[in-house]
Amino acid sequence: TLAFFNGEFLPIDSLVIPIDERGHQFGDGVYEVIKVYDGKPFLMREHLVRLENSAKAIRLEMPYTVEQLEELIGEGLTRADLRDAQVYVQITRGIAVRLHAFPDASPSISMTLRPAKSLSEETFNTGVKVTLLEDERWLNCYIKSLNLLANILAKQTASDRGCFEAVLVRDGYVTEGSSTNAYAVKDGVVYTHPANKRILHGITRAAVLQVAAEAGIEVREEAFTPEFLLSADEAFITSTTSEVLAITQVDDTVIGTGRPGPVVNQLHAKFRELIV
Ligand code: PDD
């Protein structure tokens, strides 16, 4: 494990962030989580472009270009000597005496590099249970903001209910999971919420839509209702850390056969072909 803050690599346990760091006090920043498979950061360019877009959306100047960030991550992986890893990158509005309005400060960048926390093959083979919850987040969910309180509370409620994830519902439609994108499969067609301001435009989501197109699986980027999800043939979630993961139960309702179905399995297999 290794950490980086404003120009310096240090062991994670010895790195201290200044008390007036705005990420700490306000959550005034944006972040990315990138998975590294066998030494290769997967879809790194896509993640860093999204980081730039998130920063732009909150009027935050990026301290590094995408190319410089790629180099920095590469350097970190070499220094940490990690092959299978999770890289966390965070940009904030910097260090300044606490006042809400933008400070006259340089943005901060921090990073952690840790061994990958991958799900077991057993989890992929059995699928997971999720719970439906009201989406209580703000309306700019396309920004990968540090402000994750609503996501944290939803994930904890899911955990309290013995569920892997909370699938969120806004205005009667499923948006996404607390840290994943959500999908339902009906009659061979994959449905998922359109990539607008109500969801994070998942990098895994984009990769899965591409893989589906190549496999001739029809995808409709249309919002669906909780009832539609409950009566789906298959359902799944995607994220950097969860890849393509079957939902086999939603609260008390078993989805399909209660086992990961053929569409989910095919999409996960094709997705994994992108990794090598
Ligand atoms: N979560 N939706 C939300 C709200 C997320 O936080 C994430 C990612 C996703 C999936 O996006 P991607 O496929 O780009 O990872 C969807 C990251 C992994 C996290 O917060 O840890």
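Coordinate-derived values only; no laboratory data. All figures in this text were calculated on a predicted structure; none of them were measured in a lab. FYI the Cβ positions are ideal-geometry reconstructions off the backbone, even for glycines, and counts take in every protein chain you see.
A few notes on this one:
- Pairs beyond 22 Å (Cα-Cα), from Lys35/Lys186; Lys40/Lys270; Lys40/Lys117; Lys40/Lys197: Lys35/Lys186; Lys40/Lys197
- Relative to the longest principal axis of the Cα atoms of the chain, the long axis of helix 262-275 lies at roughly 30 degrees.
- Residue of Asn147, Asn125, Asn181 that the Gaussian network model of the chain assigns the largest fluctuation, springs spanning Cα pairs under 10 Å: Asn125
- Within a Gaussian network of the chain (alpha carbon springs, distance under 10 Å), most fluctuating of Glu243, Glu46, Glu122: Glu122
- Sparsely packed loop sites in segment 100-156 (the chymotrypsin sites (Phe, Trp or Tyr not before Pro) outside DSSP H, G, I, E and B with at most 16 other Cβ atoms within 10 Å) comprise Trp138.
- From the alpha carbon centroid of segment 109-175 to that of segment 201-257 is 14 Å.
- Relative contact order (%) - criterion: Cα under 8 Å, at least six apart; region: segment 19-80: 25 percent
- Averaging the sequence gap over all C-alpha pairs within less than 8 Å and six or more residues apart, then dividing by the number of residues, gives the chain a relative contact order of 17 percent.
- Nearest-ten-degree value, helix 149-160 long axis tilted from longest Cα axis of the chain: 50 degrees
- In sequence order, calculated HN-Hα J values of segment 26-42 (Karplus, 6.51, -1.76, 1.60; Hz; x Gly/Pro): 10, x, 7, x, 9, 8, 9, 10, 10, 9, 10, 10, 6, x, 10, x, 7
- Per-q log10 I(q)/I(0), the chain, q = 0.07, 0.08, 0.17 Å⁻¹ (Debye; single scatterer per alpha-carbon; no solvent): -0.26, -0.34, -1.38
- Whether segment 121-275 is rounded, prolate or oblate, judged on the alpha carbon gyration tensor where a/c under 1.5 counts as rounded: rounded
- When the chain is treated as a Gaussian network with alpha carbon springs shorter than 10 Å, the biggest mean-square fluctuation among Gln25, Gln266, Gln86 belongs to Gln25.
- Helix-only mean residue ellipticity at 222 nm for the chain, each DSSP H run of n ≥ 4 adding -39500 (n - 2.57), per residue, nearest 500: -9000 deg cm²/dmol
- Exposed trypsin sites (Lys or Arg not before Pro) absent: longest stretch of the chain, with sites in DSSP loops and at most 16 other Cβ within 10 Å deemed exposed: 198-276
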